[in-house]
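One structure is given below, encoded as structure tokens.
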Amino acid sequence: MEITIIGAGVTGLAVARALRDRGADLRIVERGDGAAPGPQACSWWAGGMLAPHCEGESAEEPVVRLGQEAAGWWEAATGCVTRAGSLVVSPARDQADLRRFSQRTSGFEPVDEAQIAALEPDLEGRFTKGLYFPSEAHLDPRAALTTLRTRLEAEGVAFETREADPTQEAKRALTIDCRGLSARAAMDGLRGVKGEMLVLRCPDVALTRPIRLLHPRIPLYIVPRGEGLYMLGATMIEAGAGKHPSARALLELLSGAYALNPAFGEAEVLEIGVDARPAFADNLPRISRKGRLISVNGLYRHGFLLAPAMARMVAAMLYDETTPEVLHEDRVKRRTA
């Protein structure tokens, strides 16, 4: 089967991997300079947390269920996964937030001050209670994207650098549109949700797993990238995307890092990034099809978590003639029935 995929971000590459595994003859079309994945892609700025149970605090049930496929898929596809669980903590004054988080999630073990210190010695004495999610994992998004693309290229998948019109491409071959927010003009209701992040170098702190710090205004997370590098971000900033981060967001992010360990006050800020995550009103992904054009979009802030499930559904739709549970037309029919 000859297939064109438009977009080489996390969704496009995951769909390509799933289709290539089924024997598809693929061509991937992308904008930019044709180089390896880089800052032009929203997925370049992702946190890389494969944490479906934690996401249950604010996400819908499909995110939790489908996201449980992610760690195994990325491990097999790239080998870039670290399985060390996730740790959620909060300052003593915000223990109500921790209780609320526990009531909305599952798959965790309550931990006390001594257990937190055993998991992360550099947090010793800083938090008295927390939640440990042992089955969760994380990856370095940049390494995962690069590895995924390199392996596809080694298998003969062609990458082309040019602007592509999905409708015109579909006249020549079955086409899958994975452009993310670049497809906004063609998709009703698609919006951008702003994400802001920092990359810090702090060799004086050694964390081994993602840490979520519950905060009254913006829940923060910090993800270790190895060799003293950390990615620090906010899980929810409901605002239109801009080209630059806000001063408030930077203050919140740096304050959160300092609250985890004051040594972060001496960290070097290596990168400041802003991205726009594509999302629909329900913050759930959609697969839609019009003839020879298939669209996969709306993964919100769950790109690495949900891309494997979306890729599986696309491959099954094409090769097994099954109906994806997130098929948009099917949702519309159910609502109007």
List every residue pair whose Cβ atoms sit under 6 Å apart, with the two residues 6 or more apart in sequence or on different chains, where the first one lies in the range 188-210 and is more than 30 Å from residue 117 (Cβ to Cβ) and small (Gly, Ala, Ser) and the second, anywhere, is modelled with pLDDT under 95 and assigned to a strand (DSSP E or B). 192/276; 195/275; 195/277
Any residue at all in the range 244-256 that is within 22 Å of the chain's Cα centre (by Cα), at pLDDT 85 or above, closer than 30 Å to residue 287 by Cα and not polar (S, T, N, Q)? no
Determine whether residue 278 is at pLDDT below 95, under 23 Å from residue 9 (Cβ atoms) and in a strand (DSSP E or B). yes
Residues in the range 48-63: is at least one of a type outside the set (Phe, Trp, Tyr), closer than 24 Å to residue 152 by Cα and either at pLDDT below 95 or assigned to a helix (DSSP H, G or I) (or both)? yes
Quick one: residue 116 ticks every box in (1) within 25 Å of residue 315 (Cα to Cα); (2) more than 16 Å from the chain's Cα centre (by Cα) bar one, so which box is it? (1)
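Given the criterion outside the structural domain of residue 275 (by TED's automatic domain parsing), surrounded by fewer than 21 Cβ atoms within 10 Å (Cβ to Cβ) and touching a residue at least 24 places away in the same chain (Cβ under 8 Å), identify the matching residue among 62, 91. Give the derivation first.
Values: 91 fails: outside the structural domain of residue 275 (by TED's automatic domain parsing).
Unique residue meeting the criteria: 62.
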Restricting attention to the range 257-281, report how many residues are acidic (Asp, Glu) and under 17 Å from the mean Cα position of the chain (by Cα). 1
Only one residue in 151, 179, 142 is basic (Lys, Arg) and either more than 20 Å from the chain's Cα centre (by Cα) or loosely packed, with under 14 Cβ neighbours inside 10 Å (or both), so which one is that? 151
Can you tell me how many residues in the range 66-84 are among the polar types (S, T, N, Q) and closer than 21 Å to residue 109 by Cα? 2
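The values are calculated or read from the model by the stated rules, or taken from the named source; none is laboratory data. Quick caveat, the model's predicted, so the values are computed rather than measured. Cβ: placed from backbone, ideal geometry, glycine included. Neighbour counts: every protein chain shown.
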